[in-house]
């Protein structure tokens, strides 16, 4: 069974950083980008970092950022490589959507890596530019997508 828990302890932080470094901030995926373990957006109280747990092991990460009234941005989604393609990403997204609903969010947005757009489309996400300034700066390698929560 999968569970989603907010990052709280030093062990949680270490697991989160390890997963991000192994999946999101590799030289192949983001050449020249240096991962900042103390990025201000990670420390913003409007944003919550989560670990996905399965079989008593942290296997995934996601951050949920509040954006305005009733909206949220899903960021830094990753599953550890050795268990990818096992339904864990689908479970992670379902749990983060449940968390967003609990927080009163009615619409979610994300910047999807181009290779992941099919995955998100199968989960009901649509291609939609939601922040042109972000799209043309820090997310220029991504496809912006949205999902209205039911």
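The numbers here are math on the coordinates, done by the rules we state, and not lab data. Remember, it's a predicted structure, so these values are computed and weren't measured experimentally. Positions of Cβ are backbone-derived with ideal geometry, glycine not excepted, and every protein chain shown enters the neighbour counts.
Observations on the structure shown:
- Difference of contour (0.36 nm per residue) and Cα-Cα distance, residue 35 to residue 56: 4.9 nm
- Fewest neighbouring Cβ atoms within 10 Å first, the residues 61, 7, 77 line up as 7, 77, 61.
- Exposure proxy shown here: for 85, 57, 66, the number of other Cβ atoms within 10 Å sets the order, fewest to most, as 85, 57, 66.
- Under the criterion of Cα pairs below 8 Å and six or more residues apart, the relative contact order for region 71-150 equals 35 percent.
- Three-way shape call for region 53-147 based on the alpha-carbon gyration tensor, with the a/c threshold at 1.5: oblate
- Fewest-first ordering of 71, 97 by other beta carbons within 10 Å of each residue's beta carbon gives 71, 97.
- The chain: relative contact order as a whole-number percent, Cα under 8 Å and 6+ apart: 20 percent
- Peptides 27-35, 8-16 ordered by packing proxy, namely the average of other Cβ atoms within 10 Å per residue, highest first: 8-16, 27-35.
- Within the listed set 48, 136, 23, the Gaussian network model of the chain (springs between alpha-carbon atoms below 10 Å) gives the highest mean-square fluctuation for 136.
- If the segment from residue 17 to residue 141 were pulled out straight at 0.36 nm per residue, it would be longer than the present Cα-Cα gap by 42.5 nm.
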